[in-house]
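Below is one structure, written out as C-alpha cells, with a few remarks after it.
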Amino acid sequence: MSSISMVGLGNMARALAGRALAGGHAVEIIGRDQAKAEELAAALDGATAGAAGAAPTGDLVILAVPYAGAAAVVREYGDALRGRIIIDITNPVAPDLQGFTVPDDSSGAQEIAEAAPDDAHVVKAFNTLFSHVLAAGPAEGRPLDVFIAGDDAQAKANVSAFVESLGLRPWDTGNLFMARALENVGLLELGLMNHSVKHTDFSLGITLLG
C-alpha cells in the first residue's frame, strides 16, 4: 500500500482521505491551518497531521486545494517534490462557469506541472467526481469511474493501482495534455448540475457495449 499526503482540508480531501484509509493506505493531512489539519486527521481515525511548513512525506501527493492556489503550493514545496507523483484533482473553472482560468492551449494540470520540479510526475485524476459521490463509493452495484491523464507511464500505473484500491475503476485517457479534456468534463458536469440534472447526485462513467 502507499503513503498518501493529502494537501487540503476541504470536502474532496476528506472524501479521498477516508477512502484511502479504508483501502489500507497511510494518510497524512496537510493544511495551512494546523489546528484544522489535526482536527480532520482526528476525525478520520487513522490519519496523521503533517507538521505545518514541513514537506509532504507521502509517495503520492494529492493536491486537494482550489486551483487558484495549487501551483503556488507546488512552488512552495519545490525540491521536496522531486521524484514524487503529484495527483491534481482541481478544476480551473472561471467563476461564471463559462470557461477556464488557464490559457486556451493549456490546462490546470499542465500549469501545475510547469511549477513542479522536472522529475516530479503530475497525474490528473478525480476531478470529475463530486466529493459526496466519491465518499459514498460504488453506486447501484457498479464502481465509480476515475479518468486519469499523465506523461509518465509508471506514474499512471501507480495512480491506477491506487484508484483500484479505493474500490474505483481507473481509465487512462492518455498524456497530460488530455487533462484539458478532463477539465472540460468537470465543466460539463457543472452545466448539467445547473441546467438539467439540478443536483450533484450523479457521476459520468464508461459503459462498455457488447
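In a residue-by-residue description of the stretch 62-77, the property of being assigned to a strand (DSSP E or B) and under 14 Å from PHE162 (Cβ atoms) applies to at least one position. Scanning the stretch 74-110 for residues that are among the acidic types (Asp, Glu) and under 15 Å from ARG180 (Cα atoms) gives ASP88, ASP104, ASP105.
Looking only at the stretch 38-74, count every residue that is charged (D, E, K, R) and loosely packed, with under 13 Cβ neighbours inside 10 Å and tell me the total.
Summing the residues that are charged (D, E, K, R) and loosely packed, with under 13 Cβ neighbours inside 10 Å in the stretch 38-74 gives 1.
Restricting GLY191, GLY150, GLY174, GLY186 to those that are modelled with pLDDT of 95 or more, out of contact with any helix residue (DSSP H, G or I) (no Cβ under 8 Å at 6 or more places or on another chain), buried (at least 17 other Cβ atoms within 10 Å of the Cβ) and not hydrophobic (A, V, I, L, M, F, W, C) reduces the list to GLY186. For the stretch 1-13, the set of residues classified as within 9 Å of ILE29 (Cβ to Cβ) and part of a helix (DSSP H, G or I) consists of ALA13 only. Taking the numbered list (1) part of a loop (DSSP other than H, G, I, E, B); (2) over 14 Å from the mean Cα position of the chain (by Cα); (3) closer than 19 Å to MET178 by Cα in turn, PRO56 passes all entries but (3).
Okay, residues lined up against (1) at pLDDT below 95; (2) of a type in the set (Asp, Glu); (3) touching a strand residue (DSSP E or B) at 6+ places or on another chain (Cβ under 6 Å):
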| residue | (1), (2), (3) |
| --- | --- |
| ALA42 | no, no, no |
| ALA54 | yes, no, no |
| LEU60 | no, no, yes |
| TYR67 | no, no, no |
| ARG75 | no, no, no |
| ILE86 | no, no, yes |
| ILE89 | no, no, no |
| PRO92 | no, no, yes |
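Is it the case, given these coordinates, that SER160 is touching a helix residue (DSSP H, G or I) at 6+ places or on another chain (Cβ under 6 Å), at pLDDT 95 or above and among the polar types (S, T, N, Q)? No: the conditions fail for SER160.
Taken over the stretch 27-53, the residue count meeting the criterion of being under 18 Å from the mean Cα position of the chain (by Cα), in a loop (DSSP other than H, G, I, E, B) and among the aliphatic types (A, V, I, L, M) is 1. Scoring ASP88 on the criteria (1) loosely packed, with under 13 Cβ neighbours inside 10 Å; (2) of a type in the set (Asp, Glu); (3) touching a Leu at 6+ places or on another chain (Cβ under 8 Å) leaves a single failure, condition (1).
When each of GLY83, GLY31, GLY24, GLY8 is tested for being at positive phi, in contact (Cβ under 8 Å) with a residue 24 or more places away in the chain and buried (at least 23 other Cβ atoms within 10 Å of the Cβ), the lone residue that passes is GLY8.
LYS198 satisfies every condition listed in (1) within 30 Å of MET1 (Cα to Cα); (2) basic (Lys, Arg); (3) loosely packed, with under 14 Cβ neighbours inside 10 Å except (1).
The values are calculated or read from the model by the stated rules, or taken from the named source; none is laboratory data. As the structure is a computational prediction, the values presented were derived from the model and not from experiment. Here Cβ is always computed from backbone atoms with ideal geometry, including for glycine, and neighbour counts include all displayed protein chains.
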